[in-house]
Amino acid sequence: WHYVFSNPNNISLDKPLMIDGITGNHLTYGQVKSNSLRFRAGLHKFGFKKGDALCLFSQNKVDYAVVMFGTVAAGGALTPANPAYTAKELQYQLEQTKSKIVIASAETLAVALEAAKLAGIPKSNVFLFDDREIDGVQPYTKVLLADQEMEAVEYTYEEACSTIAYLCFSSGTTGRSKGVMTSHMNIASNLTQLSQHTKGTVDVATDRYLGVLPFYHIYGLTCMIHLAAFQGTPLVVLPRFELASFLNAIATHRVTFCHIVPPIFILLAKDPSVTKYDLSCVRYFWSGAAPLSKELSEAVAQRLNVGVLQGYGMTESSPVSHTPILSNIINGSIGELLPGMKARIVDESGKDVAPGERGELWMAGPNIMLGYLNMPDATAETIDKDGYLHTGDVAIMTEDKQWYIVDRVKELIKYKGFQVAPAELEALLLTYENVADCAIIGVYDPSQATELPRAYIKLVLGVEASDATAKAIIDSVAKSVANHKKLRGGVRFIAEIPKSAAGKILRKELRELANQEMK
Ligand code: ATP
Ligand code: MG
């Protein structure tokens, strides 16, 4: 669990680990290790104790790794927060996690100070994630980065299984974000499982990862920072996603392996600016967090001559549970179950369905969370007595053990007696030349007492948002799908599909639009 310090893979201390994708400045593996242990010493001096929580509230930076590893080395739990949060949202996370210290960037400082005040955290426990002092807030490097290193707190195996290392919050797609208690062992397991399962996918000597997804989300935290440090793969860090700087960083730093999300795939498939950059260095784009269709995978693979891999995971599974093995990549599939895990697909009564049939995915393994923070009831509803986490996602497993995600149970649209998966219609619409982006929701029609599938569509620049365009789309979909999946709820044109930084469609916002229209 403290692999960064014990360095079991004998990574050279001089190897660049965290590279700033804009300035090119970097921290070597040895610097990350040493700074983390100095940070651990600084926390100790400050009175931060075993079991305390520290909140990091910032966009991605190379030092993110130092605060992460230093906090867990001090026996604490790191709770990374979404830098887009309002003071109220951050206050909730600070209170839920009982954070002792908050580290904020210059951009997020004002919100952090307000939230800390609301949560009763003194200003002297708020630090800047920077070398500067702003408004009397000290840089963490001055107060919390001691001159001397201090050994990491040690755990027995049992302690590593039961001690919280990270308190990430779920994306809040289906309701309020939930704090997820992730142990040292959960993370260590997921890293080992991933490394074993994808042996040969990563070339440790030459590969370079891109850290463009937010590190506050478990996808960025584990698959970017942890995996890079575990394997000794340099990670090129960008503060946030923006198409031009993303493409430029890949080309400049010769990134070979990019963990991204479906909204970025849509741009890679469709945006005209993409071909202006030399992306020949990329071997693989890896997708997670939301459905990536076969069609979109193929479009990107062909346009950029790259391999496309899709995994699946949840905050609750630290996060990865499925990903393809290199010798067997099937576009549209999430690949195979990671070693050490068990999974079932069950019907509504909890009975296993036959291969090829749809049902809810349940899974168990050493990477499944300890539980939801302060929510024993929600934990008991989600993890059953046999240790299976009920994912809330509809999946299919084929005879040859390939897994597919259909959609979330909660997102399925009920048209009369039939079910319609938004992801399937979205995948179809994205193949249309006129469609830059799209999302499907169900809108309730009281006159028929049923939900109807409606498409929200962002058109490609220059295409007219007219009734004729809408009709052409509706007619075209009707020709390709079964009767119950037709766009009976109509088409609405929209400037941008609302999405989270972690890559999910914010259907709640579209439902709001639909409700306003009804009024
Ligand atoms: P919340 O639980 O707070 O409502 P969330 O489920 O979106 O939000 P995360 O833990 O970030 O929070 O996301 C996990 C979910 O993301 C999965 O349950 C699944 O619905 C979706 N997901 C992840 N990977 C894929 C994938 N490859 N295909 C389809 N869906 C995916
Ligand atoms: Mg969830």
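The values are calculated or read from the model by the stated rules, or taken from the named source; none is laboratory data. Quick caveat, the model's predicted, so the values are computed rather than measured. A quick note on method: Cβ atoms are made from the backbone with ideal geometry, for glycine too, and the neighbour counts reach across all protein chains shown.
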For this session: Go through region 400-468 and tell me which strands (runs of 3 or more DSSP E), entirely inside it, have 1 or more residues that are out of contact with any Asp or Glu (no Cβ under 8 Å at 6 or more places or on another chain) and under 17 Å from Ser297 (Cα atoms).
Result: 403-408, 435-445
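Quickly run through region 284-300 and pick out the residues that are within 15 Å of the chain's Cα centre (by Cα), more than 7 Å from ligand 1 (Cβ to nearest atom) and among the polar types (S, T, N, Q).
The answer is none; no residue qualifies.
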Seminar exercise, completed: When every residue in region 424-437 that is closer than 13 Å to Ile474 by Cβ and touching a residue at least 40 places away in the same chain (Cβ under 8 Å) is compared, the one farthest from the chain's Cα centre (by Cα) is Tyr432
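Results for (1) within 26 Å of the chain's Cα centre (by Cα); (2) crowded, with 24+ Cβ neighbours inside 10 Å; (3) in a helix (DSSP H, G or I), shown as yes or no for each residue.
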{"position": "Leu13", "(1), (2), (3)": "no, no, no"}
{"position": "Leu27", "(1), (2), (3)": "yes, no, no"}
{"position": "Ser34", "(1), (2), (3)": "no, no, yes"}
{"position": "Lys49", "(1), (2), (3)": "no, no, no"}
{"position": "Lys61", "(1), (2), (3)": "yes, no, no"}
{"position": "Leu78", "(1), (2), (3)": "yes, yes, no"}
Exercise. Restricting attention to region 1-42, which residues are touching a Leu at 6+ places or on another chain (Cβ under 9 Å), aliphatic (A, V, I, L, M) and touching a residue at least 60 places away in the same chain (Cβ under 8 Å)?
Worked result: Ile11, Leu17, Met18, Ile19, Ile22, Val32, Ala41
For this session: Could you check, for region 372-379, whether at least one of its residues is within 16 Å of ligand 2 (Cβ to nearest atom), surrounded by fewer than 20 Cβ atoms within 10 Å (Cβ to Cβ) and polar (S, T, N, Q)?
Result: yes
Exercise. Just a yes or no: is a residue in region 394-412 over 30 Å from Lys342 (Cβ atoms) and either at pLDDT 95 or above or touching a Pro at 6+ places or on another chain (Cβ under 9 Å) (or both)?
Worked result: no
Problem set entry | Those residues of region 380-392 which are surrounded by fewer than 20 Cβ atoms within 10 Å (Cβ to Cβ) and assigned to a strand (DSSP E or B), in sequence order | His390, Gly392
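For (1) at pLDDT below 95; (2) in contact with a Ser or Thr (Cβ under 8 Å, 6 or more places away or on another chain); (3) surrounded by fewer than 20 Cβ atoms within 10 Å (Cβ to Cβ), each residue gets a yes or a no:
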{"site": "Leu430", "(1), (2), (3)": "no, yes, no"}
{"site": "Ala436", "(1), (2), (3)": "no, no, yes"}
{"site": "Asp467", "(1), (2), (3)": "no, no, yes"}
{"site": "Ser500", "(1), (2), (3)": "yes, yes, yes"}
Problem set entry | Qualifying residues in region 301-316 (those that are among the hydrophobic types (A, V, I, L, M, F, W, C) and within 20 Å of the chain's Cα centre (by Cα)) - the one nearest to ligand 1 (Cβ to nearest atom) | Met314
Exercise. Which pairs do you get when a residue that is at positive phi and of a type in the set (A, V, I, L, M), found in region 356-385, comes within reach of a residue that is modelled with pLDDT under 95 and assigned to a strand (DSSP E or B), reach meaning Cβ atoms under 9 angstrom, with the pair 6+ apart or on two chains?
Worked result: none
Exercise. Cβ-Cβ below 6 Å, separation at least six or inter-chain, first residue in region 295-314 and β-branched (Val, Ile, Thr), second part of a helix (DSSP H, G or I) and more than 16 Å from ligand 2 (Cβ to nearest atom): which pairs?
Worked result: Val300/Phe265; Val300/Leu268; Val300/Ala269; Val308/Ser297; Val308/Val300; Val308/Ala301
Exercise. So, in region 308-364, of the ones that are acidic (Asp, Glu) and surrounded by fewer than 24 Cβ atoms within 10 Å (Cβ to Cβ), which residue ends up nearest to Gly288 (Cα to Cα)?
Worked result: Glu336
Problem set entry | Some residue of region 133-155 being among the acidic types (Asp, Glu) and in contact with a strand residue (DSSP E or B) (Cβ under 7 Å, 6 or more places away or on another chain) | yes
Exercise. Are any residues in region 229-269 in contact with a strand residue (DSSP E or B) (Cβ under 7 Å, 6 or more places away or on another chain) and either of a type in the set (Val, Ile, Thr) or closer than 22 Å to Met181 by Cα (or both), and if so, which ones?
Worked result: Ala229, Thr233, Val236, Val237, Ile250, Val255, Ile260, Val261, Ile266
Problem set entry | Complete set of residues in region 54-80 that are within 17 Å of Trp1 (Cβ to Cβ) and polar (S, T, N, Q) | Thr71
Seminar exercise, completed: When (1) touching a residue at least 60 places away in the same chain (Cβ under 8 Å); (2) in contact with a helix residue (DSSP H, G or I) (Cβ under 7 Å, 6 or more places away or on another chain); (3) of a type in the set (Ser, Thr, Tyr) are applied to Thr86, the one that fails is (1)
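What number of residues within region 351-379 are among the small types (Gly, Ala, Ser), over 17 Å from Ser183 (Cα atoms) and not in a helix (DSSP H, G or I)?
3
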Problem set entry | Among the residues listed as Tyr155, Tyr166, Tyr140, the single one being crowded, with 18+ Cβ neighbours inside 10 Å, touching a residue at least 40 places away in the same chain (Cβ under 8 Å) and within 16 Å of ligand 1 (Cβ to nearest atom) | Tyr166
Problem set entry | Answer residue from region 281-334, given it is over 25 Å from Thr431 (Cα atoms) and at pLDDT below 95 and is farthest from ligand 2 (Cβ to nearest atom) among those | Ser327
Problem set entry | Filter result for the condition that a residue is within 16 Å of ligand 2 (Cβ to nearest atom) and in contact with a helix residue (DSSP H, G or I) (Cβ under 9 Å, 6 or more places away or on another chain), over Thr233, Thr192, Thr174, Thr198 | Thr174
